[in-house]
1. Please go through the stretch B:57-78 and give me each residue that is within 7 Å of chain A (Cβ to nearest Cβ) and surrounded by 14 or more Cβ atoms within 10 Å (Cβ to Cβ), ordered by number.
2. Please work out which one of (1) within 16 Å of the chain's Cα centre (by Cα); (2) more than 14 Å from every other protein chain (Cβ to nearest Cβ); (3) of a type in the set (A, V, I, L, M) is the condition A:Met128 fails and give its number.
3. From A:Glu33, A:Glu47, grab the single residue that is in a helix (DSSP H, G or I) and out of contact with any His (no Cβ under 8 Å at 6 or more places or on another chain).
4. Could you check A:Ala451 against (1) of a type in the set (A, V, I, L, M); (2) more than 9 Å from chain B (Cβ to nearest Cβ); (3) out of contact with any strand residue (DSSP E or B) (no Cβ under 7 Å at 6 or more places or on another chain) and say which number it fails?
5. Would you mind finding the one in A:Pro426, A:Pro422 that is more than 24 Å from A:Leu304 (Cβ to Cβ), out of contact with any strand residue (DSSP E or B) (no Cβ under 6 Å at 6 or more places or on another chain), crowded, with 19+ Cβ neighbours inside 10 Å and more than 14 Å from every other protein chain (Cβ to nearest Cβ)?
6. What tally of residues in the stretch B:1-20 results from selecting those that are in contact with a Leu (Cβ under 6 Å, 6 or more places away or on another chain) and at pLDDT 95 or above?
7. Out of the stretch A:384-403, which residues are free of Cβ contacts under 8 Å to residues at least 12 places away in the same chain and either at the interface with another protein chain (Cβ under 9 Å from one of its Cβ atoms) or surrounded by 22 or more Cβ atoms within 10 Å (Cβ to Cβ) (or both)?
8. Looking at the stretch A:95-125, which of its residues are under 18 Å from the mean Cα position of the chain (by Cα), farther than 20 Å from A:Ser198 by Cα and either of a type in the set (D, E, K, R) or within 14 Å of chain B (Cβ to nearest Cβ) (or both)?
Amino acid sequence: MIEQMDALTLSEKIKKGTLGVAEAVGYYRDQIERKDGELKAFLTLAEGGLQERIAELQEGIRSGQYTGPLAGVPVAIKDNICTKGLRTSCASKMLENFIPSYDATVIQRLRDAGMLVLGKTNMDEFAMGSTSETSSFQITKNPWNPEYVPGGSSGGSAVAVAAGMAPLALGSDTGGSIRQPASFCGVVGLLPTYGRVSRYGLVAYASSLDQIGPMGRTVAECRALYEAIAGYDEKDGTSVPGTVRCLGKMRKMTATEYDGLSREEKQKRCMERIKGMRIGIPKEYLQAEMNGEVRDAIKNTATLLEQQGAIVEEMSLPLTEYGVATYYLLACAEASSNLSRFDGGKYGKRVEEKELHAMYKKSRTEGFGEETKRRILLGSFILSEGYYDAYYLKALKVKRLIKEEYENAFRTYDCLLTPVAPGTAPKLSTSLQNPLQMYLGDVDTVAVNLAGLPAISVPCGMDQKGLPFGVQFIGNAFCEQLLFDVAEAYEELRGVFPTVGERMTGNGKAGER
Amino acid sequence: MIRIDAEILEKAELLSKLQIEPSERERTMKEMEKVLSYAEKLNELDTEDVEPLTHGGWSGTMLRQDVVTNSDGKEGTLANAPKQTDDQFVVPKTV
C-alpha cells in the first residue's frame with residue numbers, strides 16, 4: 001500500500017490515523033533491507049533513539065503538535081549534512097568516525113515539521129565528483145541499470161528516492177550535485193536560490209556555491225520539503241532575511257498564494273500560470289556533441305508548454321562555454337581553503353607522528369581520496385603567489401559576467417528551459433580516468449550555481465538503453481514557486497513517469513502521453 | 001600554456017599539506033596541467049574593466065548580536081577528538 005503513496009499522501013494517512021509512523025518507517029527500512037545490498041545508497045541508518053523518535057512523533061501528531069504536510073514522513077539525508085548523534089562522514093575516511101554534536105539547521109527544521117531522519121546517503125567524497133564513485137566506502141548503483149552510475153555527488157539520495165527506499169531526500173548542490181543525479185535516476189531535484197536554505201551544519205565544499213535542496217519523486221513533494229527547510233537562519237551569514245519575493249520581472253508570487261488551496265486547485269493554478277509565460281531556450285545548451293534523445297526531449301517539452309499558451313523561444317547565453325572553467329577554478333580554490341580544517345587535530349582521522357606538521361600531512365594524505373586531493377592541490381596552486389591573478393581573480397571576473405548575463409536574460413524571460421546534462425548516466429568506472437572529461441559533463445548545471453539562481457530538474461524521458469533523463473528549468477532569484485509551478489504543469493503534461501519497480505516488471509509508460 | 005613541473009607540484013603539496021606518492025606524481029602533474037590549460041580558455045574574454053565578484057550572494061553583509069546562544073558542548077566536541085586527556089585535545093609537541 002505504501003509503495004503507491006507519495007509523501008504527502010503518506011503524511012495525510014498518518015495524520016488521519018489510518019497508518020502509524022512505525023509502520024511507515026518499518027516499510028522503508030524493509031525496502032532498504034531488500035534493495036540496498038545491491039544498490040548501496042545508504043552509508044548509515046538511524047538506529048539510536050529511533051524508536052523514541054517514532055513514539056514522540058506519533059504522540060505529537062495525535063496531540064496536534066505536528067500538522068504540516070509532511071508530518072510523520074521519513075527522509076534520507078546526504079552524508080555531508082550534520083545529524084546530531086548520527087555519523088556524518090562525507091563518504092571520506094577523514095570523517096569515518098565523526099559523530100556531530102549538533103544538527104544542521106535543515107535537520108532541525110525537518111524535526112520541527114514532524115519528519116524523521118531515516119539514514120545517511122552515499123555521495124562523492126566531500127561532494128567532489130559527478131558519479132558518486134569518489135566515495136571512500138562504496139559504489140552506489142543506478143537502480144535503472146546497476147551497471148551505470150547514479151550521478152553525483154548526491155547519488156545516494158537520488159537512488160534512495162528512485163528505488164523507493166525513502167519517499168524524500170535532501171541533497172546538496174554546488175555545481176549540479178542535486179539536479180544531475182536526479183536526472184540520471186528519474187526523480188525531481190531542486191537547487192534553491194543561494195541564501196534561501198541555511199547551510200549551517202553542511203560540511204563546506206565551495207561555500208560561495210553550496211546549497212541544500214530537496215529530492216523526491218514528484219514536484220509537489222519537493223515543494224513541500226523545500227517549504228519546510230527554506231527561510232532565514234542567522235547562523236548562516238549568506239541567509240537572506242525577511243519575506244522573499246521572486247525577482248522575476250514578469251510574475252511575482254509568493255508561497256502564501258497557495259495557502260489553503262487543495263492539491264487539485266494548486267495543479268490547476270500551475271497550468272494557468274504557464275499561459276503567457278515567457279520561456280527561453282539558450283541555444284548554447286544544445287551543443288553539437290549532446291545526446292540526440294535529450295535534444296529532442298527539450299524540443300518536445302517546448303511544444304507541450306507552447307500548446308498550453310507559454311511563449312517559448314530560442315535565445316542566447318554566449319558565456320555558457322566558460323561556465324565549467326570558471327566553476328572548477330573557484331570551487332577548487334574554495335575547497336583548498338575549506339578543507340584545510342581537516343588536519344587530524346581536533347576531530348577526524350589522525351595518523352600519529354612526532355612532529356605537528358608531519359601529523360597534518362600524514363593525516364590528510366591518508367584521510368583524503370584521490371579526487372579530493374587533486375582539487376585541493378589545484379586550489380592551493382590557483383591561490384598561490386604568481387598565479388592568483390591569472391586564475392582565481394580571472395574566474396571571479398568571469399563569474400560576474402555570467403551572473404550579469406543571466407540577470408539580463410531574466411529581464412525578458414520568466415524562466416529558461418535546458419537539459420540537465422548532455423546525456424544520460426555513464427557506465428560505472430568509466431568517468432574517473434579522465435577528470436577533465438567528467439568536469440565537462442557539468443556544463444549544463446554549473447553556471448546556475450555561479451549566478452546564485454534556483455533551478456529544478458524534472459524527469460522527462462528514457463534513452464534507448466532505458467536510462468532516464470530530466471529537463472531543467474532555471475529561474476530568477478527567489479522564484480522557486482514559479483519553478484515549481486512550471487515544473488508541476490510540465491509533469492502533468494508529460495504524464496506519469498515510470499518508477500524503477502514498474503520498469504523492471506515491464507509496466508513502465510515512459511514516453512507515452 | 002601552463003607547464004606543471006616537479007617544483008610546482010612540490011609547492012602545491014607544501015601549501016596543501018599533502019604528499020603525493022612517487023608512482024602518482026607524473027599522472028597528478030598531467031591532470032593538473034590538463035585542467036589548468038583548459039581553464040585558460042577564460043583568457044578569450046576581455047575582463048579588463050570587470051570587478052571581481054567576491055560576494056555573489058543576495059544577503060549583503062549580515063550581522064547579529066554578539067551573544068552566547070549555545071552551551072560549550074565540551075563533551076560532544078571532545079568525543080570526536082583523536083586523542084584527549086583532562087578535557088584537552090592532545091597534539092604533538094609544538095614548541
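The values are calculated or read from the model by the stated rules, or taken from the named source; none is laboratory data. Because the structure is a prediction, the values reported are computed rather than measured. All Cβ positions, glycine included, derive from the backbone under ideal geometry; neighbour counts span all protein chains shown.
1. Our first condition is that a residue be within 7 Å of chain A (Cβ to nearest Cβ); within the stretch B:57-78, this holds for B:57-59, B:62, B:64, B:73, B:76-77.
Within the stretch B:57-78, B:Gly57, B:Trp58, B:Ser59, B:Met62, B:Gly76, B:Thr77 qualify.
2. Unmet condition: (2).
3. Working: A:Glu47 fails: in a helix (DSSP H, G or I).
Among A:Glu33, A:Glu47, only A:Glu33 is in a helix (DSSP H, G or I) and out of contact with any His (no Cβ under 8 Å at 6 or more places or on another chain).
4. Answer for A:Ala451: the failing condition is (2).
5. One residue alone meets the criteria, A:Pro426.
6. Total satisfying the criteria: 2.
7. As a first pass, look at the stretch A:384-403 and keep what is free of Cβ contacts under 8 Å to residues at least 12 places away in the same chain: A:384-390, A:393, A:397, A:400.
Within the stretch A:384-403, A:Ser384, A:Tyr387, A:Ala390, A:Leu393, A:Lys397, A:Arg400 qualify.
8. Passing the criteria: A:Asp124, A:Glu125.
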